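This report concerns only the one structure given below.
The values are calculated or read from the model by the stated rules, or taken from the named source; none is laboratory data. Since this is a predicted model, take the numbers as computed values, not measurements. Here the Cβ positions follow ideal geometry from the backbone for every residue, glycine too, while neighbour counts run over all protein chains shown. Remember, those area values only see protein heavy atoms, side chains included, never the ligands or the DNA or RNA. Shrake-Rupley method; radii C 1.70, N 1.55, O 1.52, S 1.80 Å.
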Amino acid sequence: MRNPRNLALALLAVLAVLAAGCGGGGGGNKSGGGATPSGATLVRSGALAFVSVNSDLGSSQWQAVDALSHKFPGRAKAIAQLKQAFTKQKIDYNNDVKPALGPEVDVAVVTGATLSDTSFAVLTKPDDPGKYKALVAKLNASDTSGKPAVYREVNGWYALSTSQQMIDNVLKGGSGSLSDDGAFKDALASLPTDALAKAYVSGQQLATVIQQFSQQSNSPLNLSTTGLDKLDFIGASLSAESDGVRLRGAVSGSGSKALGSGSYSSKLMDGVPGDALAFLSFQGGGAADQIQKLESNAQLGPALKQMESSLGVSFKDILDLIRNEVAFYVRPGTPLPEFSLVLESSDEQKTIGTLDKLFTRLGATGLTQPCSGAPQSGVAIKCVQISRLAIRYGAFDGKVLLSTGPSAISEYKATGSKLADDPDFKSAKAASGLPDSNGGFLYVNLKDTIPAIESLAGFGGATIPPEVAANLAPLRSLTAWGGGSGDTRTFDVFLEIK
């Protein structure tokens with residue numbers, strides 16, 4: 001793609017203003033953010049990717065963004081800096097940018113015979129075509145490459161790119177449009193109707209691009225070993241809510257099974273202490289099966305055999321460690337946080353044996369050395385030392401727990417305050433909509449984690465500016481989870497802001 005400078009600058013200007021909440025109360029007569037982006041009707045069928053941004057600042061979505069932005073003390077300063085940046089480019093948002101946009105700004109990418117033939121275009125239906133043309137002229141005037149951006153008008157819409165040939169490649173012409181593609185319609189159906197932005201990637205075209213890249217780099221890749229050749233689409237949306245921002249997406253096709261094997265309720269969370277700063281749970285069976293197929297890959301197979309020889313453990317035994325539920329959690333510690341890994345095991349002795357082999361081989365390289373570990377709550381403890389860090393591990397009740405904490409197993413088995421009952425976790429769960437049964441989830445208590453990181457930075461001699469700390473304070477939690485069944489996997493990521 002030649003000379004994307006003008007295009008990138010235009011997009012940056014638009015998105016930065018929107019993100020800052022400028023003009024959040026106006027333009028309510030626009031109709032952006034609908035279920036099907038109108039710009040998709042102009043793009044040729046079979047496009048690789050399509051991103052649609054709701055640029056109607058009077059919509060409910062941007063009103064929610066504006067409300068959230070007022071929770072950050074640095075809002076006014078950020079907007080002032082943004083306006084100053086516009087001024088340096090001799091661009092005024094209200095006079096130059098706002099009237100040059102329609103209620104929707106789209107980016108379409110279309111593949112070609114080779115990677116270098118990939119084309120892209122930015123589309124919008126401006127409120128004032130004259131202002132649109134003037135804005136492009138101003139951006140081109142500040143360009144020093146000698147390759148100005150070009151545009152074309154189609155039924156009141158304007159397509160912008162770096163050449164007319166690219167615009168030809170993106171627009172449908174007399175052929176079918178992207179809006180009629182079944183995969184595109186299915187992707188949109190998997191996303192919320194109201195959103196700040198929506199994105200679509202064709203699974204078939206993505207496989208083509210990856211194959212082109214592997215051939216160009218002289219490293220042919222068998223996509224069937226990764227499942228990338230069996231994806232129909234990837235869809236995602238970004239939306240604002242009253243108490244945070246949500247990223248939602250879906251991956252469809254039989255290859256999506258590598259992302260998870262269905263919903264479950266975490267068993268390993270039951271013992272996690274209530275003061276945990278972060279918790280992650282997943283079932284690795286599907287991913288382990290996909291990874292094991294790499295042994296048959298002509299390029300990666302020999303490397304995996306070499307890894308087996310180096311570690312002294314078969315690749316299958318390593319993958320068996322994660323075939324059931326796996327949990328990882330972080331707790332406060334001094335001076336470093338405490339890290340713990342819990343593995344659900346149907347054969348505790350085999351799991352312990354695999355870990356023993358790994359640590360023994362690492363010990364032969366001088367990376368680890370054995371240390372003593374006293375029993376905890378009736379559980380025999382093994383210990384290895386990495387530099388000054390001791391890792392203790394033991395097996396109990398169908399689980400194997402490894403931790404940098406001195407008494408993690410006793411605290412995991414003890415009764416008392418647990419993460420599931422913690423008020424901060426309950427608040428994050430309610431705000432995000434995290435279901436009890438899911439395909440694996442991540443929780444981070446930002447309210448306590450950010451101050452802990454700031455303290456750790458201070459311990460290391462670094463200083464966090466007060467304005468940075470103040471603007472991090474509204475971030476309360478981050479919750480992410482997967483789900484789905486059959487040939488479709490979904491995911492949600494929610495950033496709680498108070």
* Asked: Between segment 393-418 and segment 289-333, how many Å separate their Cα centres?
  -> 24
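Suppose accessible area is computed on protein heavy atoms with a 1.4 Å probe; arrange Cys371, Cys383 from highest to lowest. Before the final figure, lay out the partial values.
On the way: Cys371 40, Cys383 10 Å².
In descending accessible area the options line up as Cys371, Cys383.
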* Points 7 angstrom from Cα along the Cβ direction at Ser163 and Ser116: gap in nanometres? -> 1.0
* Structure fact -> Which residues qualify? For Ile322, with a placed amide H closer than 5 Å and at least 5 residues away or on another chain, they are none
* Structure fact -> Residues whose built amide H sits under 5 Å from the amide H of Gly440, excluding neighbours closer than 5 in sequence, are Tyr264, Gly482
* **Helix-derived mean residue ellipticity, 222 nm - over the chain, DSSP H n ≥ 4, -39500 (n - 2.57), to 500** => -9500 deg cm²/dmol
* Asked: So what does Lys125 come to for accessible area, using a 1.4 Å probe and Å² rounded to 10?
  -> 100
* Quick one: length gained pulling Ser60 to Ser485 fully straight, 0.36 nm per residue minus the C-alpha distance? -> 149.8 nm
* Quantify, in whole percent, the carbon and sulfur part of the accessible surface of the chain (1.4 Å probe; protein heavy atoms only). => 58
* Surface accessible to a 1.4 Å probe, Thr463 within the full protein complex, Å² -> 120
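Give the ranking of Ser455, Ser477 by solvent-accessible surface, highest area first, calculated with a 1.4 Å probe. Spell out each step's value before the answer.
Numbers: Ser455 80, Ser477 5 Å².
Most to least solvent-accessible, the answer reads Ser455, Ser477.
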* Kindly write out, for segment 464-473 in residue order, the coupling ³J(HN,Hα) from the Karplus curve 6.51 cos²θ - 1.76 cosθ + 1.60 (θ = phi - 60°), rounded to whole Hz, with x marking Gly and Pro. => 8, x, x, 5, 5, 4, 5, 7, 8, 4
* For labels at Val154 and Lys293 in the simple 7 Å Cα→Cβ model, what's the distance in nm? -> 3.6
* Enumerate the calculated ³J(HN,Hα) couplings along segment 356-370 in order (Karplus 6.51 cos²θ - 1.76 cosθ + 1.60, θ = phi - 60°), each rounded to whole Hz, writing x wherever the residue is Gly or Pro. => 4, 4, 4, 5, 5, 5, 5, x, 5, 8, x, 6, 10, 8, x
* Asked: Straight-line reach from Lys382: which lysines have Cα under 19 Å away, leaving out those fewer than 8 places along the same chain?
  -> Lys350, Lys357, Lys399, Lys413
* To do: Could you pull out every residue, at least 5 positions away or on a different chain, whose amide H is within less than 5 Å of the one on Gly244? Hs are placed 1.01 Å off N in the peptide plane, and Pro or chain starts have none.
  => Ile497
* Each residue of segment 267-273 in turn: what ³J(HN,Hα) in whole Hz from Karplus with 6.51, -1.76, 1.60 and θ = phi - 60°, glycine and Pro shown as x? -> 8, 6, 5, 4, x, 5, x
* Asked: With every protein chain present, what is the per residue accessible area of the chain (1.4 Å probe, Å²)?
  -> 46
* To do: Sticking with the crude label model, points 7 Å out along Cα→Cβ, report the distance from Ala452 to Ser372 in nm, one decimal please.
  => 3.0
* Work out, step by step, the length gained on full extension between Leu389 and Ala80: first 0.36 nm times the residue separation, then minus their alpha carbon distance; give nm to one decimal. => 106.5 nm
* Note the full-extension length gain between Asp356 and Thr415 as 0.36 nm times their separation in residues minus their Cα-Cα distance, in nm to one decimal. => 18.3 nm
* By accessible area of protein heavy atoms, probe 1.4 Å, what ranking do Asp492, Asp421 get, highest first? -> Asp421, Asp492
